1. Give the peptides 375-387, 298-310 in descending order of average Cβ contacts within 10 Å, highest first.
2. Rounded, prolate or oblate, given the Cα gyration tensor of region 236-361, with a/c below 1.5 counting as rounded?
3. Given contacts defined as C-alpha pairs under 8 Å and at least six residues apart, what's the relative contact order of region 43-175, whole-number percent?
4. P(r) tail for region 228-309, what percent of Cα pairs lie past 19 Å?
5. Rounding to the nearest 10 and keeping the result within 0 to 90°, find how far the Cα-based axis of helix 244-258 lies from the longest principal axis of the chain.
6. Kindly put Asp56, Asp149 in sequence by how many other C-beta atoms sit within 10 Å of each C-beta, fewest to most.
7. Between region 166-206 and region 419-438, what is the separation of their alpha carbon centroids in Å?
8. So how many Lys-Lys pairs in region 43-175 land under 22 Å Cα to Cα, not counting same-chain pairs under 8 apart?
Amino acid sequence: MSIDKPGILSDRKKQIFEKGVDSFELKCEKVSTAGSVSQRACAFCGSRVVLYPIVDALHLVHGAIGCAAYTWDIRGSLSSGPQLHRTSFCTDLREKEVIYGGETKLREALYILIQEHKPSAAFVYITCIAGIIGDDVTAVCKEVQKNTDIPVIPVQSEGFKGTKKDGYKAACESLMRLIGLGEGPSIPLSINILGDFNIAGEIWVIKKYFEQMGVTIVATLTGDSRVDQIKNAHRAQLNVVQCAGSMKYLGKMMQDKFNIPFVNASFFGIEDTAKSLYDVADFFNDNAIKNRTKSLISTEIALIRPLLGEIKAKCNGKNAALYVGGAFKAISLVKALRHIGIKTVLAGTQTGNAQDYEVLKNVCDNGTVIVDDSNPVELSRYLIEKDVNLFIGGVKERPLAYKLGIGFCDHNHERKICLAGFEGMVNFAKEVCASLTSPVWKFVNWRKKTHHEA
């Protein structure tokens, strides 16, 4: 494909790949190009989205109030019990603390909040300001932990450290300070689920499948999780890693420290949900589990197949674009869209690695444009150039779709609809169909002009 087009920065030419046209290796995992207006978030944001769903923990942002406001209730992570995680606490650092330090304010805030809310643990998020002025947050946390007898964990998440992916790593390192504190032997036929954050109750759907299979879930990291569950996560026999971008690092650390193997999984779409369940059953090599898994998958697919067939008849031949955080989601979405007759013509991620993009290339059709760490100008260009009917993304991508008169499907952490598992595939297909078949799109001027010229 020709990169010499207005709107495409020359430094990004190796981060845009068209299957069937280009042959170079897509560049990724690099610092965002200056002037690109990347859709990525900062390291602090990455740490918050991973740790926030721990529902019985105190989450205290040590920084400016804007950081706490930006990440308040950042995921639609539901809880089956405590709701403490939904309150955003902040030390509200100002000019005085920048000059004299904020350790005293942090110490006082921790004692007051722990006494009032009685959390099972406390996470203290170190933001840019705290990092720049040099507050010894670790020392304060150590002192408060000693005096309150609960884990008080500093999260090294200064925003300037890097991207959202660096925040994921900081969150995983913080979780490792809890894992292993529990006592007891290994639990037979047991797993941890890593990288599901219970958006719209999705972890409950996944847990239901494993319960029907006869597999015990020790801990969910971190959707609807409890501190005590995390402390005992080392007692599981297998880690099932869904969001590899955020949790594969934790899976590797647990493998090194506790000798717990991990498998990659995705519970989006029929294909990947079924494969993930079969992979777990194969790991335990238990005939009863295998038989129950086969029966479960056959039953669930038989229930949803007729409706998906009806939706495919309405959506067949449409073009979709997707730009999401993690590559596992992008790969699963390409397959899920194909099930209902939709071709993916643009696919991109914020945090994909070289291996992820090779898999994505293999599942996409010739002519599909694959982008890493894209920006609004590039996305807008290809949405029009590829005659996209549906854009799948998150809160930052929604305005692009609406401004261009393109149907939009929210597949990010703000959504309120469960999209995981077999029932999630039905919800996804319904939402896609409703958006695509809306009569409003016939009034979009650029699309009418493009079709007239064609």
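Each reported figure results from applying straightforward, stated rules to the coordinates on display, with no laboratory input. A quick note: this is a predicted structure, and the numbers were derived from the prediction, not measured. Heads up, the Cβs are rebuilt from the backbone with ideal geometry, glycines too, and the neighbour counts pull from every protein chain shown.
1. Ranking, from highest mean packing down: 375-387, 298-310.
2. The shape class here is oblate.
3. After rounding, I find 36 percent.
4. Percentage above 19 Å: 48.
5. The angle comes out near 50 degrees.
6. Asp149, Asp56
7. For region 166-206 versus region 419-438, the Cα centre distance is 28 Å.
8. On the way: Lys96/Lys105; Lys105/Lys118; Lys105/Lys142; Lys105/Lys146; Lys118/Lys142; Lys118/Lys146; Lys142/Lys169; Lys161/Lys169.
Qualifying lysine pairs in region 43-175: 8.
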